[in-house]
Amino acid sequence: MSCHEIEALRLGLMNVLGVGDRSTREHAETELEGHLEGPIEGLAEAESLAEIERHLDAALVDLEEEVAAMDADDPEYDYTRGRLLEVRNAERAVQRLRVQGESVVDGLGEAHDTLHETFPVAE
């Protein structure tokens, strides 16, 4: 079993942020071979934070259902619960990233307004 949600999220964030090197991308793509469907595929191919948040939420629902359906004696149970916790942590990290991005955009708007107040442009 693998952390498909985390690897797909890494790919999506690399797309959105324009970061990551070829070897990192290839490693993630290799991990996901045969698993690119549904929310995992959506995460891996996301091109915006909004898409990432939507697909990550769907992946969490799927993972929560998987954990709920498992028997606590299943050897994979603890690992799967651990995946669920890490994906929830990742969801919070993505939310923080979005909020920080919005703050940067707002700050640029304020800087623009301040610049025009300081140096009025005659029309």
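The values are calculated or read from the model by the stated rules, or taken from the named source; none is laboratory data. Keep in mind the model is a prediction, meaning the values are calculated, not measured. Cβ placement follows ideal geometry from the backbone for every residue including glycine, while neighbour counts extend to all protein chains displayed.
Those helices (runs of 4 or more DSSP H) of region 4-80 in which at least 3 residues are under 14 Å from the mean Cα position of the chain (by Cα), considering only elements entirely within it, cover 4-17, 38-45, 49-69.
At pLDDT below 95, surrounded by 14 or more Cβ atoms within 10 Å (Cβ to Cβ) and assigned to a helix (DSSP H, G or I), is that true of residue 91? In short, no.
Which of the residues that make up region 102-123 are among the acidic types (Asp, Glu), more than 17 Å from residue 49 (Cβ to Cβ) and part of a helix (DSSP H, G or I)? Selection gives 110, 113, 117. All conditions but one from (1) loosely packed, with under 15 Cβ neighbours inside 10 Å; (2) within 14 Å of residue 4 (Cα to Cα) apply to residue 39; the one that does not is (1). Across region 8-36, which residue is nearest to residue 90 (Cα to Cα) among those that are among the hydrophobic types (A, V, I, L, M, F, W, C) and surrounded by fewer than 14 Cβ atoms within 10 Å (Cβ to Cβ)? Checking each candidate, the answer is 17.
Once region 50-66 is narrowed to residues that are within 14 Å of residue 3 (Cα to Cα) and aliphatic (A, V, I, L, M), the residue that is surrounded by the fewest Cβ atoms within 10 Å (Cβ to Cβ) is 60.
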